[in-house]
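What follows is a single structure, written as structure tokens, with notes after it.
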Amino acid sequence: MFNLLAETGNSQPWLGLSLILLIALAIVTILICIVSLAALVLRIKIFVNYWITDRKKTEGGYNGYSAAVTLLQDLGYGDIQVKQSGFFRAMIFGNHYNPNKKTVYLRKSTYYGENLTAVGLALQKVGLVVLDKNNSASFKMRWRLQKVAVFGPVFFLPIVILGVIGDFVMCVLTGGSFTGLFTLIAACLGFAYFVASFVLSFLVIKVEGRANRETLGIIKGYDFLTPDEQEGVARVFSTYRAAYICDFLINILQLIRIILKILLNIVAAMQNNKNNK
């Protein structure tokens, strides 16, 4: 970026624009670091809450599997299965509900766990089932975008590498004239990915919040958890929601950051073309 500033030093208009973009990019980068630190603190808080609730066995004697199955049956959702996640599914998606397969997947520790954390997480996934059964548009959109968020980086990185190689080849073929076309295309694809991540982060906050409320409202009429245990689960849900909000803010800032990078690339390409005339 500072090389770009030096290159544009021969032209005052380009220099001024580059300075503004570079300062904005630096500010956004600092904000990303601050919000990421806050997100880390919240993750630590979640871990502490988990550690506390993991040590508490529920008085009802349920484990994650039996609690989820019993609640699903009581709600009339006998078509929904509850299964233990395989290794790769657990690594990628964790505890989740797959609406296509009509199945709640639970990690081994959640599936067999008789502690407050396991039962609370299993019941929260039933809350997602309720949203699906109620044809929640935000839930369905979140499920579609979740696949993009998980597998998007796998496809995006090779595209970026190909973009850099393409620009290098074009630079050689044109005798040193750098257009930045392929890099710009790769950056635009990255922009599209971050837009999807931004929307997904917003939907995660909305959907998980509704699922939490559904779950806490439903279990008040059952013996899965005592009132004190319900408060413990509510605290875990609340901390998770705060972490989701931090992730949302990070995605907003990342989106702004990639826009600034695209603009810097355009300025560099336009200045290079001007110098070659």
Quiz item: Using the Karplus equation 6.51 cos²θ - 1.76 cosθ + 1.60 (θ = phi - 60°), what ³J(HN,Hα) coupling, rounded to whole Hz, does each residue of region 245-259 give in order, writing x for Gly and Pro?
Solution: 5, 4, 4, 4, 5, 4, 5, 4, 5, 5, 5, 4, 4, 6, 5
Quiz item: Considering amide H positions built from the backbone, and no H for Pro or chain starts, which residues 5 or more places from Tyr222, or on another chain, come under 5 Å of its amide H?
Solution: none
Quiz item: How far is the Cα center of region 193-241 from the Cα center of region 94-122, in Å?
Solution: 14 Å
Self-check item: Per-residue HN-Hα couplings for region 198-210 [Karplus 6.51, -1.76, 1.60; θ = phi - 60°; Hz; x = Gly/Pro]
Solution: 4, 5, 4, 4, 5, 5, 4, 4, 5, 5, 5, x, 5
Quiz item: What residues have an amide H closer than 5 Å to that of Gln84, excluding those fewer than 5 places away on the same chain, when H is modeled at 1.01 Å from N in the peptide plane?
Solution: Leu106
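How much length, in nm to one decimal, is gained on full extension between Leu31 and Thr103, taken as 0.36 nm per residue of separation minus their Cα-Cα distance? Please list the in-between numbers first.
Numbers: separation 72, 0.36 × 72 = 25.92 nm, distance 3.93 nm.
Here the answer is 22.0 nm.
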Quiz item: Given H placed 1.01 Å from N in the peptide plane, which residues other than close sequence neighbours of Asn95 have an amide H under 5 Å from its amide H?
Solution: Arg107
Quiz item: With charges only on Cβ, +1 for K and R and -1 for D and E, what is the dipole size of region 58-122 about its Cα centre, in debye, rounded to 20?
Solution: 380 debye
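Applying a 10 Å radius around every beta-carbon, put 243-250, 74-81 in order of their mean neighbour count, most first. Walk me through the intermediate numbers first.
On the way: 243-250: 19.0, 74-81: 13.0.
The peptides rank, most packed first, as 243-250, 74-81.
Go through 119-126, 82-89 and give me the packing order, highest mean Cβ count within 10 Å leading.
Numbers: 119-126: 26.4, 82-89: 14.5.
Per-residue mean Cβ counts within 10 Å order the peptides as 119-126, 82-89.
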Quiz item: What is region 58-122's relative contact order, in percent, from Cα pairs under 8 angstrom and six or more apart in sequence?
Solution: 44 percent
Quiz item: Quick one: Karplus J couplings for region 79-87, per residue in order, coefficients 6.51, -1.76, 1.60, θ = phi - 60°, nearest Hz, x for Gly and Pro?
Solution: 7, 8, 9, 10, 10, 7, 5, x, 4
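Under a point-charge model restricted to the Cβ atoms of Lys and Arg (+1) and Asp and Glu (-1), what is the dipole moment magnitude of region 185-235 relative to its Cα centre, in debye to the nearest 20? Walk me through the numbers on the way to the answer.
Numbers: 5 positive and 6 negative charges, 62 e Å.
The calculated dipole for region 185-235 is roughly 300 debye.
Laboratory data are not the source of any read-out in this text; all were calculated from the coordinates shown. These numbers were taken from a predicted model, which means no experiment stands behind them. Quick reminder, even Gly has a Cβ in these numbers, built from the backbone with ideal geometry, and neighbours come from all protein chains shown.
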